[in-house]
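For reference, the structure is listed below as structure tokens.
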Amino acid sequence: MASEILLYVWPGAWDLPSVDPTCLSAIICLQVTIPGQFKVIQSVNPDVSPAGQFPLLKHGDKTFTLLPIIMEYVSTFQNGHESRLDASLNAFQRSQQTAWLAHAESNLGDLVAHMLYSLHANWTELTHPTIVHEYPFPARYYGPRRIRESFQPRLESAGLWALPGIEQEKTESKFKREDKKEEVKPRDRFLRVFEREKVLDKAQSILDIYARLLGNSAFFQNDQLTTLDVVVAAHVLLLVYPPFPDPILQNLLKSSYPSLVSHAERVFQHVKDAPISTRRASKTESLSSLLPNMYTDDVWVIRLRWAYFGLTLGGIVAYTASKIYRRP
């Protein structure tokens, strides 16, 4: 492998190499299959990917998106040993794993997205402050908002989006800063309790499945690490590691599903104890996200970007004119 292998992912935080479960899965998978032979590029500009999303693998002039495609390509490398992560699985087990992977990415992915993007306290006090400074100016003013909004339809269909009324009430009370404690209406209190119980019930129904599937084994299949172990662990890690202001699902995992937490830590050791070459995306790659794109950006974003460039250009012209005018 003469050319460099580059894995583009969303940036890391909270002692994890990426804040995105699929990107975290890709990092762990590559570290298991081709340890030390790839470089992680942390970026907030998924427009560099043909699919418009991360992870993205670049190897010379070849480009691969989506985790299964990336892993299929990496499995073709010849390293003097079997580099295929799921080499021990037979045809039936592979077909089963494909179904389980789709289930995990959908259902466990909903739980992670709920904690990071739906819950108001977690978004305003943890997720947004963590990712906002990864963006160049002025993208930091609309980039995080666009990420959160992209998850809203998915979480609404799953019944895991925060109640707008409750979220608005919290925001308004924060800015009012009234000395007198506001009275919470019994109906609102009931809605809050009901929503939290609904989330807990849904999370338990999902986590129960994987706890039973794991049982007392070290891994899900044949006591050997597979892609399913990595994907499930990546989601659990993003539910356990971040210091959530509202740790509703974090507390549930730690108290009721210690086997899943231990399993995630066991898988994470493949990354935790080994140095991974990592760098931030270049300024050129980051700044390219500022250029208006009529095919992918909404009208509001395009207008904001052109307004920024207009103000910048106007400032330069005004500064130059003032210097010329002041010359004797």
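Please treat every number below as a calculation from the coordinates, not as lab data. Treat the numbers as computed from the prediction; the structure is a model and nothing was measured. Please note: Cβ atoms are built from the backbone with ideal geometry, for glycine as well, and neighbour counts cover all protein chains shown.
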Label-point separation, Ala274 to Ser205 (7 Å along Cα→Cβ), nm: 3.9 nm
List, in the order given, every pair from Lys62/Lys272; Lys58/Lys272; Lys39/Lys62 whose Cα-Cα distance in the structure shown is over 27 Å. Lys62/Lys272
Directionally averaged shadow of region 5-284, computed from the convex hull of its alpha-carbon atoms, nm²: 16.6 nm²
By the mean-Cβ-within-10 Å protection proxy, highest first, 17-29, 204-216, 150-162 rank as 17-29, 150-162, 204-216
Going by amide H atoms built from the backbone, whose H comes under 5 Å of the H on Arg280, apart from near neighbours? Gln42
